[in-house]
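Presented below is the structure to which this report refers.
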Amino acid sequence: MTSFALIASIGFLLGMRHATDADHVIAVSTIVSKERGLWKAALIGALWGVGHTVTIFLVGIAIILFKIAIPARLGLSMEFSVGLMLILLGVLNLSGVLQRVMAKFGHSHGEDKVPLEEVSDRQKMGILSLTRPLVVGIVHGMAGSAAIALLVMTTIQKPLWEILYILIFGIGTIAGMMLITACIALPVAYTSRRFSAWNHRLVYASGLLSLCFGLFVTYQTGIAGGLFTAHPHWTPQ
């Protein structure tokens, strides 16, 4: 029990550390940069963590129990999808598409709109805002699940403990991302109330950073990693 408690503690701390990976922070920053409340930002972080945890848990179980090997091309494809997602998030922030969608569903467009329609529109907007971090977390989890499972298999070597470790690791990731998103939301909340121009710059800066990092990831996997060649090479990380 002492050994497992130590392993669980390490798993939780490493999960919190995993949440600070550059691609994770950049992705959630594009979402949180438009939020003005700390609790809403923390919820976004929690949903990202849940999506991430679900993926690494399911894929991890498959690798641990059935000794499934992830082919290099599939591993590169999962990481390439992260790059494409970062590019999409960046473009959405820079183009202001999501802001226009929020404005459309968040406010009435005239006196002819009945209250029930307004409630329905806001519900749709709420579902959209909650679904996005969940989907982003799932995509990120697919890219990192193989490395986490392989690391666990080489260090613990007890299937039940390995599965519990992955679950605790995921809980640590949720906690870490909640803390990160709340911290990101602090300057956003401050500038939105006092310096609206700076607030817009933060949104565009997060979009530009996401776009550039997404292009870097797609180049690393698609060109340097050989995804589009006959001999792809991939190391889980």
(request) Only residues in region 63-83 that are on the phi > 0 side of the Ramachandran plot count as the first member; pair them with residues that are polar (S, T, N, Q), Cβ under 9 angstrom, at least 6 apart or cross-chain, and list the lot. (result) none
(request) Hey, can you tell me all the residues within region 217-237 that are surrounded by 11 or more Cβ atoms within 10 Å (Cβ to Cβ), over 25 Å from Gly90 (Cβ atoms) and free of Cβ contacts under 8 Å to residues at least 12 places away in the same chain? (result) Thr229
(message) So, Ser95, is that one over 26 Å from Asn199 (Cβ atoms), among the polar types (S, T, N, Q) and surrounded by fewer than 21 Cβ atoms within 10 Å (Cβ to Cβ) or not?
(response) no
(message) I'm trying to understand the selection: among the residues of region 145-161, which are open to solvent by 10 Å² or more (accessible area, probe 1.4 Å) and assigned to a helix (DSSP H, G or I)?
(response) Ala147, Ile148, Leu150, Leu151, Met153, Thr154, Thr155, Pro159, Leu160, Trp161
(request) Sort out which residues of region 1-55 are assigned to a loop (DSSP other than H, G, I, E, B) and basic (Lys, Arg), and write them in order of number. (result) Lys34, Arg36
(request) Filter region 1-13 down to the residues that are of a type in the set (A, V, I, L, M) and surrounded by fewer than 18 Cβ atoms within 10 Å (Cβ to Cβ), then identify the one that is nearest to the chain's Cα centre (by Cα). (result) Leu13
(message) Quick check on this structure: which one of Cys212, Cys183 is modelled with pLDDT of 90 or more, surrounded by fewer than 21 Cβ atoms within 10 Å (Cβ to Cβ) and in a helix (DSSP H, G or I)?
(response) Cys212
(request) Please determine, by comparing only the residues of region 14-47 that are open to solvent by 30 Å² or more (accessible area, probe 1.4 Å) and aliphatic (A, V, I, L, M), which one is farthest from Ile184 (Cα to Cα). (result) Leu14
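The values are calculated or read from the model by the stated rules, or taken from the named source; none is laboratory data. Keep in mind that what you see is a predicted model, and the values were worked out from it rather than measured. Cβ: placed from backbone, ideal geometry, glycine included. Neighbour counts: every protein chain shown. The area values use the complete protein model at the heavy-atom level, side chains included, leaving out ligands, DNA and RNA. Shrake-Rupley method; radii C 1.70, N 1.55, O 1.52, S 1.80 Å.
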